[in-house]
């Protein structure tokens, strides 16, 4: 997978044991989509409705994420001076910088709404009946949708991303709920940023096991990193 996708995948796995929807936000992945792992990330090929398989889905328990890679720091500036926190007066201009000392670092902040499949085992049973269904196919059982979230991923060390706006707007960045216009500058080119946008950020996946049962991928009981790596191998 691309280095940025790998960074993002690892962060979501560490925090929520889910997979990345890549590119985050800028995708159209939905519950019931099926596909393959290519380059270490999920690529949709279609939807299980093409196999005349229906499913029930409903909102799940919302989640939140506030992740920043080791070695990354936040710096708040007002009037040319560094401050530990912003004052209550919200219409004052200020800056907020995130400094990523190490290569392959990321920041993810936001509230995530969840939409999840309700009848996975019934769906798996029906898919097994189709001769054209391939066991290597992965199915999206849940989507995690970021609402006006903040996502930054960089493959280069010593990367600085600076936001300039009012104090109120910068507080939104720190909370991962950006609804105001911001000025954004980056010191490096190889940076992925999605700020204040909404869309699918993460996924839960399952596939049919050897005997037709369900193997849910990325569960919290995944004990070893090697198992996670195995789930991310390309389906060739």
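The values are calculated or read from the model by the stated rules, or taken from the named source; none is laboratory data. Just so we're clear, the structure is a prediction, and the values are computed from it rather than from any experiment. Glycine also receives a Cβ, built like all others from the backbone with ideal geometry; neighbour counts cover every protein chain displayed.
Checking residue 45 against (1) buried (at least 16 other Cβ atoms within 10 Å of the Cβ); (2) at pLDDT 95 or above; (3) under 21 Å from residue 123 (Cβ atoms), which single condition isn't satisfied?
(1)
For residue 144, indicate whether it is in contact (Cβ under 8 Å) with a residue 40 or more places away in the chain, assigned to a loop (DSSP other than H, G, I, E, B) and surrounded by 13 or more Cβ atoms within 10 Å (Cβ to Cβ). Can you show your working first?
Values: in contact (Cβ under 8 Å) with a residue 40 or more places away in the chain: yes; assigned to a loop (DSSP other than H, G, I, E, B): no; surrounded by 13 or more Cβ atoms within 10 Å (Cβ to Cβ): yes.
Spelling it out, it is not the case that residue 144 is in contact (Cβ under 8 Å) with a residue 40 or more places away in the chain, assigned to a loop (DSSP other than H, G, I, E, B) and surrounded by 13 or more Cβ atoms within 10 Å (Cβ to Cβ).
Results for (1) without any contact (Cβ under 8 Å) to a residue 40 or more places away in the chain; (2) surrounded by fewer than 16 Cβ atoms within 10 Å (Cβ to Cβ); (3) within 22 Å of the chain's Cα centre (by Cα); (4) part of a loop (DSSP other than H, G, I, E, B), shown as yes or no for each residue.
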position	(1), (2), (3), (4)
90	no, yes, no, yes
96	no, no, no, no
149	no, no, yes, no
169	yes, no, no, no
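How many of the residues in region 68-88 are within 23 Å of the chain's Cα centre (by Cα) and either outside any strand (DSSP E or B) or exposed (fewer than 10 other Cβ atoms within 10 Å of the Cβ) (or both)? So that I can check it myself, show each step before the final result.
Of region 68-88, the ones within 23 Å of the chain's Cα centre (by Cα) are 68-74.
From the residues that got through so far, the ones that are either outside any strand (DSSP E or B) or exposed (fewer than 10 other Cβ atoms within 10 Å of the Cβ) (or both) too are 69-71.
Adding up the residues that qualify gives 3.
Condition first: at pLDDT below 95, surrounded by 16 or more Cβ atoms within 10 Å (Cβ to Cβ) and in contact with a helix residue (DSSP H, G or I) (Cβ under 8 Å, 6 or more places away or on another chain). Now tell me which residues in region 32-42 satisfy that.
37, 40, 41
Which number in (1) assigned to a loop (DSSP other than H, G, I, E, B); (2) in contact with a helix residue (DSSP H, G or I) (Cβ under 6 Å, 6 or more places away or on another chain) marks the one condition that residue 65 misses?
Residue 65 satisfies all of (1) assigned to a loop (DSSP other than H, G, I, E, B); (2) in contact with a helix residue (DSSP H, G or I) (Cβ under 6 Å, 6 or more places away or on another chain) except (1).
Check every one of the strands (runs of 3 or more DSSP E) wholly within region 178-236 and list those with 2 or more residues that are in contact with a strand residue (DSSP E or B) (Cβ under 6 Å, 6 or more places away or on another chain) and at pLDDT 90 or above.
Numbers: elements: 183-186, 191-208, 214-217.
Output list reads 183-186, 191-208.
Here are 65, 29: which of them is surrounded by 14 or more Cβ atoms within 10 Å (Cβ to Cβ), modelled with pLDDT of 95 or more and under 22 Å from residue 135 (Cα atoms)? Before the answer, list the steps.
On the way: 65 fails: under 22 Å from residue 135 (Cα atoms).
Result of the check over 65, 29: 29.
Please go through region 70-101 and give me each residue that is under 30 Å from residue 17 (Cβ atoms) and at pLDDT 95 or above, ordered by number.
Quick first cut of region 70-101, residues under 30 Å from residue 17 (Cβ atoms) only: 70-74, 96, 98-101.
Residues satisfying the conditions are 72, 73, 74, 96, 98, 99, 100, 101.
Of the residues 11, 5, which is surrounded by 14 or more Cβ atoms within 10 Å (Cβ to Cβ), without any contact (Cβ under 8 Å) to a residue 60 or more places away in the chain, in contact with a strand residue (DSSP E or B) (Cβ under 8 Å, 6 or more places away or on another chain) and not in a strand (DSSP E or B)?
Within the list 11, 5, the selection yields 5.
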